[in-house]
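The values are calculated or read from the model by the stated rules, or taken from the named source; none is laboratory data. The structure presented is a predicted model; accordingly, all values stated were derived computationally and were not measured. Cβ atoms come from the backbone with ideal geometry, glycine included; neighbour counts cover every protein chain shown. Please note that ligands, DNA and RNA were not included when accessible areas were found on the heavy atoms of the full protein model with its side chains. Shrake-Rupley method; radii C 1.70, N 1.55, O 1.52, S 1.80 Å.
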Amino acid sequence: MNDHLPTPEDYEARCVCHAMRRAARAVTRRYEQRLRPLGLSAGQFTILAALNDGRAVPLGVLATALGMDRTTLTRDLKPLERKGLVASSKHSEDRRMRVLEITRRGRDLLVEGLPLWEAAQQDSLGRLGPPDWGHLRDRLQRLSG
């Protein structure tokens, strides 16, 4: 065995990627449990929330804002479009570009889900404890860049 390799315990204690993925999976499960009555995943709820400004948003712009690649976003949008929660159309000036809008039905579901999302938020924030969320969010943003 290579003596330079970390033990599993060392890896778990030192690896930023492992710790972040583990935390992300736990947080996602928490939100998904809360949002289950709506029939939405945490990712789908996030997409609806990102579209909730009343404007048509180009697919690429939304993908960038969500930190997703276009292919993954396209896949995640399909069930939202099938349920009539999101509408897509060609851009008025560039027909090659696809734009997305939340529908009235999507907005209504977002409003209905807000208390469920808020409960997941409070649970997650309570588990974080100090430092405050804003400070941690800023540090996570640095990791994202």
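Please work out which residue is surrounded by the fewest Cβ atoms within 10 Å (Cβ to Cβ), limiting yourself to region 95-120 and to residues that are of a type in the set (A, V, I, L, M) and more than 13 Å from LEU59 (Cα to Cα).
Once the filter is applied, the top-ranked residue is VAL111.
Among the residues of region 70-123, how many are part of a helix (DSSP H, G or I) and free of Cβ contacts under 8 Å to residues at least 12 places away in the same chain?
So the first thing to find is which residues in region 70-123 are part of a helix (DSSP H, G or I), and the list is 70-82, 104-123.
Remaining after also requiring free of Cβ contacts under 8 Å to residues at least 12 places away in the same chain: 70-72, 75, 78, 81-82, 104, 108, 111, 114-115, 118, 121-122.
Matching residues across region 70-123 total 15.
Residues that are under 16 Å from ARG105 (Cβ atoms), free of Cβ contacts under 8 Å to residues at least 60 places away in the same chain and surrounded by fewer than 17 Cβ atoms within 10 Å (Cβ to Cβ): does region 20-39 have at least one?
Checking region 20-39: at least one residue is under 16 Å from ARG105 (Cβ atoms), free of Cβ contacts under 8 Å to residues at least 60 places away in the same chain and surrounded by fewer than 17 Cβ atoms within 10 Å (Cβ to Cβ).
From the list SER88, SER144, SER92, which residue is among the hydroxyl-bearing types (Ser, Thr, Tyr), within 20 Å of ASP53 (Cα to Cα), surrounded by fewer than 12 Cβ atoms within 10 Å (Cβ to Cβ) and at pLDDT below 95?
SER92 is the lone residue from the list that is among the hydroxyl-bearing types (Ser, Thr, Tyr), within 20 Å of ASP53 (Cα to Cα), surrounded by fewer than 12 Cβ atoms within 10 Å (Cβ to Cβ) and at pLDDT below 95.
From the list PRO58, PRO8, which residue is open to solvent by 70 Å² or more (accessible area, probe 1.4 Å) and either farther than 17 Å from VAL111 by Cβ or touching a residue at least 24 places away in the same chain (Cβ under 8 Å) (or both)? It would help to see each step written out before you state the result.
Values: PRO58 fails: open to solvent by 70 Å² or more (accessible area, probe 1.4 Å).
PRO8 is the lone residue from the list that is open to solvent by 70 Å² or more (accessible area, probe 1.4 Å) and either farther than 17 Å from VAL111 by Cβ or touching a residue at least 24 places away in the same chain (Cβ under 8 Å) (or both).
Report yes if SER124 is within 17 Å of THR28 (Cβ to Cβ), of a type in the set (S, T, N, Q), more than 14 Å from the chain's Cα centre (by Cα) and surrounded by fewer than 17 Cβ atoms within 10 Å (Cβ to Cβ), otherwise no.
Spelling it out, SER124 is indeed within 17 Å of THR28 (Cβ to Cβ), of a type in the set (S, T, N, Q), more than 14 Å from the chain's Cα centre (by Cα) and surrounded by fewer than 17 Cβ atoms within 10 Å (Cβ to Cβ).
Could you give me the residue pairs with C-beta distances under 8 Å whose first residue belongs to region 128-144 and is of a type in the set (Lys, Arg), whose second residue is modelled with pLDDT of 85 or more and open to solvent by 100 Å² or more (accessible area, probe 1.4 Å) wherever it lies, and which are 6+ apart or on separate chains?
Nothing qualifies.
Could you tell me how many of the residues in region 40-53 are over 23 Å from ARG127 (Cβ atoms), surrounded by fewer than 18 Cβ atoms within 10 Å (Cβ to Cβ) and touching a residue at least 40 places away in the same chain (Cβ under 8 Å)?
1
Looking for whichever is polar (S, T, N, Q) and farther than 29 Å from ARG142 by Cα here; the options are THR28, THR103. Which one fits?
Every option except THR103 fails the conditions.
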